Amino acid sequence: MELQELYCLMDRFAASGLTALEWRCKEETVVLRREVSAPSPAPAVPVPNPAPAVQTEEGESVTAPLVGVFYAAPAPEEPPYVTPGAQVKKGDTLCLIEAMKMMSEIPAPADCVVEEVLVKDGEAVGYGAPLFRIRRV
C-alpha cells in the first residue's frame, strides 16, 4: 500500500463513525481503532477536503489537512511560497506539510489574498490547525 493510499484510508476512517477498521491486501494488514465516548453518526459520503477554509472572526483560515511539519518554502534556501499580502489563485501551493518523510502540497482553496501566515517554518502542526488567514477576492 502506498503512503497516499494509507493517508486516504486514515482520512476516510476519521470521517466515518467506525470505531475499528481492518484492511488486508495480499500480505499487508492495516488496523485502525479509536476509543469512542459517545456514538457518532456516520456521514452519508465521507469526502476528505485537502485544505479546508474555515470562517473565523478575523476572516477565513486555511487549516492543516494532516499532522506533520509545516514548510513555507520548497527548500531551505528557496523563498517561501507565499507571504502576507500575496494574491494567489485557487490551487496555487501555499506551503508543504511533511508527514512520514512524504511532502504534501497544501493548495489555496480559492482565489484569495494571504492576510497572515499563522505558523513558523519547521513548526509541527496538528490536523485542523490554522495555517493561513486569507481573504477571498
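Just a few scattered comments:
- Selection of segment 88-137 for residues being of a type outside the set (Val, Ile, Thr), touching a Leu at 6+ places or on another chain (Cβ under 7 Å) and within 19 Å of residue 10 (Cβ to Cβ) yields 99, 100, 102, 103, 104, 105, 127.
- Residue 121 meets all of the listed conditions (1) touching a residue at least 40 places away in the same chain (Cβ under 8 Å); (2) within 13 Å of residue 64 (Cα to Cα) but one, namely (2).
- From the options 59, 85, residue that is modelled with pLDDT of 90 or more and on the phi > 0 side of the Ramachandran plot: 85
- In segment 80-137, the residues that are buried (at least 18 other Cβ atoms within 10 Å of the Cβ), part of a loop (DSSP other than H, G, I, E, B) and in contact with a Lys or Arg (Cβ under 6 Å, 6 or more places away or on another chain): 108
The values are calculated or read from the model by the stated rules, or taken from the named source; none is laboratory data. In this text the structure is predicted, and so the values were computed from the model without any measurement. Cβ: placed from backbone, ideal geometry, glycine included. Neighbour counts: every protein chain shown.
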